[in-house]
1. Taking the stretch 40-89, which residues are touching a helix residue (DSSP H, G or I) at 6+ places or on another chain (Cβ under 6 Å) and of a type in the set (D, E)?
2. I'm trying to understand the selection: among the residues of the stretch 53-91, which are closer than 18 Å to M165 by Cβ and touching a residue at least 24 places away in the same chain (Cβ under 8 Å)?
3. Could you give every pair whose Cβ atoms fall below 6 Å, whose first residue belongs to the stretch 15-40 and is more than 26 Å from W82 (Cβ to Cβ) and free of Cβ contacts under 8 Å to residues at least 24 places away in the same chain, and whose second residue is in a helix (DSSP H, G or I) and open to solvent by 30 Å² or more (accessible area, probe 1.4 Å), counting only separations of at least 6 or pairs across chains?
4. Go through the stretch 50-68 and give me each residue that's assigned to a helix (DSSP H, G or I) and either among the aromatic types (F, W, Y) or exposed (fewer than 14 other Cβ atoms within 10 Å of the Cβ) (or both).
5. Give the stretch 182-199 a look and list any residue that's open to solvent by less than 40 Å² (accessible area, probe 1.4 Å) and either in contact with a strand residue (DSSP E or B) (Cβ under 8 Å, 6 or more places away or on another chain) or outside any loop (DSSP other than H, G, I, E, B) (or both), or say none.
6. May I ask you to verify whether A115 is small (G, A, S) and either within 30 Å of Y200 (Cβ to Cβ) or in a loop (DSSP other than H, G, I, E, B) (or both)?
7. Across the stretch 23-38, what is the total count of residues that are open to solvent by less than 50 Å² (accessible area, probe 1.4 Å) and either at pLDDT below 80 or of a type outside the set (A, V, I, L, M) (or both)?
8. For the stretch 124-153, which residues satisfy the criterion of being in a loop (DSSP other than H, G, I, E, B), open to solvent by less than 80 Å² (accessible area, probe 1.4 Å) and of a type in the set (A, V, I, L, M, F, W, C)?
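The values are calculated or read from the model by the stated rules, or taken from the named source; none is laboratory data. Since the model is a prediction, treat every value here as computed from it, not as a measurement. Every residue, glycine as well, gets a Cβ built from its backbone with ideal geometry; the counts of neighbours run over all protein chains shown. Note: areas computed on protein heavy atoms with side chains; ligands, DNA, RNA excluded. Shrake-Rupley method; radii C 1.70, N 1.55, O 1.52, S 1.80 Å.
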Amino acid sequence: MPAWAALCISASGGEWERGERILRAAWQTGVLHEAIGHWLLMTLVMVPVLSLSLIRFVAVRSFAARRELAVMEFLCGLWAVWTLVGFALVPLVVLFAVLLPGHELAAPLAFGFAALWQITPIKRSALQRCHRTVALSASGWRADRDCVAFGLLAAPQCVASCWPMMFACALAAHSIPALVVVLAIAMHERAAHAPQPARYAFLLAGFALVLPLL
């Protein structure tokens, strides 16, 4: 990433001092703003697609007169959590991209980590909980509260399941191939009755090997 490579001039001194200099330079040059903007755009597009089953649940459990509002309230809860996650992870993305020896290997290594994450108990448990639902009030302010709260409650499971893949996409500068691979894997594992983590891990590891060639 050419814009991030320019931050290498700030990578001197002790570890904490180097990190502080890099983030300050990223903020002053607008690189950090741009990275956060890209993260928000990615989640704005991908999160609704990955939450289609829960969106259908909210729509079916809501009266027709407030169905669209209910879905938007649910999505606002999801996006609020993913936005907070972005503010925490994007600075790490910048630091990894600048400080990691062999900057071009940052994204492939991140996809390698995402492959390993697929076979962890945390990933399997989070993916199972992604399908959990809650009771929603039918009308009034309680219905609004329940829809937003459902989004806030569902988001942490989504984050626990997908954050390594999202992190890898950010390190890959949100390239189209990276986004397509991650979206395809995430959609398939959400829709599958019996997800196969080892297969997804193999696909992510394979993409990690191919990514430097793209």
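1. Hit for the stretch 40-89 is E73, nothing else.
2. Residues satisfying the conditions are L78, W79, V81, W82, T83, V85, G86, L89, V90.
3. Qualifying pairs under 6 Å: none.
4. Result: L52, S53, R56, F57, V60, A64, A65, E68.
5. Listed by number, the residues that qualify are V182, I185, A186, E189, R190, P197.
6. For A115, the condition - small (G, A, S) and either within 30 Å of Y200 (Cβ to Cβ) or in a loop (DSSP other than H, G, I, E, B) (or both) - is met.
7. 2
8. C130, V134, L136, A138
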